[in-house]
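Nothing in this text is a laboratory measurement; each read-out follows from the coordinates by a stated rule. Only a predicted model underlies this, so the values are computations on that prediction, with no experimental measurement involved. In this analysis, Cβ positions are derived from the backbone assuming ideal geometry, glycine residues included, and neighbour counts consider all displayed protein chains.
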Amino acid sequence: MKKYGLLLAVIALCGLVVSCGGITGKSDSKFALEAARKGLWKEALFRWKMAVEEEPNNAKLHNNLAIAYENEGEYDLALKEYRIALRLDPGNYHINNNYSSFLRFYQKLKPEEEGEEKETEKPPPVRRIQ
C-alpha cells in the first residue's frame with residue numbers, strides 16, 4: 001500500500017513538472033513582450049530565445065526574436081530569424097511586412113562596393129511584435 005502511495009506521489013510530481021514546463025514558454029514570451037515595450041531589448045531577446053527553444057515551429061516567436069535582434073544591432077541574426085518565421089508562416093501579413101521593412105533598412109547598411117564605408121547606422125524602424 002505504501003508503494004502505491006509513493007508511486008502516485010511520483011507520478012503527480014512528474015505531471016506537475018511537465019505542466020510547468022509548458023507554462024514557462026508562454027510566460028517567457030509574455031515577459032519578453034513587456035520587456036520590449038519598456039525598451040529592455042536584451043531581456044526581451046533572452047526570453048524570446050528561451051521561448052523559441054521550447055516552441056521552434058512558432059513563427060510569431062521567431063518574428064519577435066528577429067525584432068529583438070534588430071533592436072540590438074544583430075542584423076544578420078535578425079535576417080535569419082525573419083526568414084525562419086516566413087518559412088513557418090508565409091501568409092502572415094505582419095511577418096511579411098516586418099521582413100520587407102527590415103530588408104529595406106538592412107540593404108542600406110550594406111556597402112555597395114568592397115571597401116566602401118557603411119552609412120551611419122540608424123535605429124531600426126518600429127516593427128510589429130506578435
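From the set of residues in the stretch 29-50 that are within 19 Å of residue 95 (Cα to Cα) and in contact with a Lys or Arg (Cβ under 8 Å, 6 or more places away or on another chain), which is surrounded by the fewest Cβ atoms within 10 Å (Cβ to Cβ)?
Looking at residues that are within 19 Å of residue 95 (Cα to Cα) and in contact with a Lys or Arg (Cβ under 8 Å, 6 or more places away or on another chain), I get 29.
Which members of the stretch 83-108 meet the condition of being surrounded by 15 or more Cβ atoms within 10 Å (Cβ to Cβ) and farther than 13 Å from residue 52 by Cβ?
Selection gives 86, 89, 92, 94, 95, 96, 98, 99, 101, 102, 105, 106.
Would a scan of the stretch 49-57 turn up a residue that is farther than 13 Å from residue 129 by Cβ, assigned to a helix (DSSP H, G or I) and in contact with a Ser or Thr (Cβ under 8 Å, 6 or more places away or on another chain)?
yes
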